[in-house]
Amino acid sequence: MSFDYGALDAALAAAVGDDQSLIAELRTAFLESAKRQVDLLHRARCDANWEYAAWRLKGLAASFGATHVIALAEEAATAAPGEPTVLKKLERAIAAIENHRD
């Protein structure tokens, strides 16, 4: 599976320029927030909580230009609460972003 790291990196660079420490800080903030939303998806027991967490994740990903996470969040929003396949895809995508370094 291919991940679009460039979109996230380009969005961060566009927001702050060449300030590498600020880019790292924003990347960390994105990852922490994304992980928090995935955790909420894991704990959701009703459609409303599941959809709310999925849409928040989509909004977060859109704010940071993380196009692959946007698509996965959309997939989650239409899946049943607790759908293990979509949760694993999201976890892998976020881990891939976390492990990617230029």
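Of all residues in the range 79-88, those satisfying the criterion of being under 16 Å from the mean Cα position of the chain (by Cα) and either open to solvent by 50 Å² or more (accessible area, probe 1.4 Å) or among the small types (Gly, Ala, Ser) (or both) are 85, 88. The condition of being modelled with pLDDT under 85, small (Gly, Ala, Ser) and either touching a Pro at 6+ places or on another chain (Cβ under 9 Å) or more than 17 Å from residue 91 (Cβ to Cβ) (or both) holds for only one of 48, 11, 62, that being 11.
The listed residues are 91, 98, and the only one of them that is within 11 Å of the chain's Cα centre (by Cα), within 17 Å of residue 28 (Cα to Cα), modelled with pLDDT under 95 and not small (Gly, Ala, Ser) turns out to be 98.
All told, residue 25 meets the bar of being open to solvent by 80 Å² or more (accessible area, probe 1.4 Å), more than 14 Å from the chain's Cα centre (by Cα) and on the phi < 0 side of the Ramachandran plot. The single condition among (1) surrounded by 19 or more Cβ atoms within 10 Å (Cβ to Cβ); (2) closer than 17 Å to residue 97 by Cβ that residue 33 does not satisfy is (1).
Within the range 55-77, none of the residues are open to solvent by 80 Å² or more (accessible area, probe 1.4 Å), without any contact (Cβ under 8 Å) to a residue 60 or more places away in the chain and more than 14 Å from the chain's Cα centre (by Cα).
The values are calculated or read from the model by the stated rules, or taken from the named source; none is laboratory data. Bear in mind the structure is a predicted one, so any value in this text is a computation, not a measurement. Backbone-built Cβ (ideal geometry, glycine too); neighbour counts: all protein chains shown. Accessible surface is based on the protein model in full, side chains and every heavy atom, while ligands, DNA and RNA are left aside. Shrake-Rupley method; radii C 1.70, N 1.55, O 1.52, S 1.80 Å.
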